[in-house]
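Chemist: Below is a structure I'd like to ask you about.
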Amino acid sequence: MRISLTFRNTEGENWQKEYVDERLNKIKKYIDRPMDVHAILSVEKFRNVVEVNMIADGLNINAKEEAKDMRLAIDNAVDKIERQLKKHKEKIRGHKTNMTRAEGITAINGEMGESEEEQETRLVETRKVVLKPMSIDDAVMEMDVSRQRFIIYRDSSSENVSLIYRRDDGKYTLIETSH
């Protein structure tokens, strides 16, 4: 991180330079790439104004704060920059996790690599079902014959999609949809 300071209407005191460097170096943990930081410290009557501009690879973050004390203005401006960097980092992290989820779903067909298995994709199998019109009794009978745990079918009396599944105790549960 390259830091440049500009002083307006004031002499640049050594403590100000050190304080700005110290505060800006604390936010390095949020930065992945080299950045140019330009801080402008100005005094206008009784107001101390701090303006911080950070620029790197298309990322441009700005903060402007004013206070009666220069240290307070610097702290507020750096806090504002830190919040913006956190927000940007979360946005990127959220985007990356969405991408890995999509990759995990496409890799279900047995082509998983070690890193994708570590993601613990919960979706294990995908099936396409043709909805056959049948009654509840027909569905139970077909489950007994095929030894499947569930059947999705179109109820012949109501034309709604239904699901019936066999519980661990051997009884059945029916889930009906409605339009």
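Chemist: Arrange 41, 131 by Cβ neighbour counts within 10 Å, fewest through most, would you?
Modeler: So the residues, fewest neighbours to most, are 131, 41.
Chemist: So what is log10(I(q)/I(0)) for the stretch 133-176 at q = 0.24, 0.33 1/Å, when the Debye sum runs over its Cα atoms only?
Modeler: -0.75, -1.25
Chemist: Which order results if 83, 23 are arranged by neighbouring Cβ count within 10 Å, fewest first?
Modeler: Fewest-to-most Cβ neighbours within 10 Å comes out as 83, 23.
Chemist: Tell me, what is the FRET efficiency for residue 2 and residue 46 to the nearest 0.05, using R0 = 41 angstrom and their Cβ-Cβ distance as r?
Modeler: For R0 = 41 Å, the calculated efficiency reads 0.80.
Chemist: Now for a different question. Using the number of other C-beta atoms within 10 angstrom as an exposure proxy, rank 153, 30 with the fewest first.
Modeler: Lowest to highest Cβ neighbour count: 30, 153.
Chemist: Given the stretch 2-107, what percent of its DSSP beta bridges are antiparallel, to the nearest 5?
Modeler: 70
Read-outs: derived from the displayed coordinates by stated rules, not from any lab. Keep in mind that this is a model prediction, so the values were computed, not measured. Note that we place each Cβ from the backbone using ideal geometry, even for glycine, and neighbour counts take in every protein chain shown.
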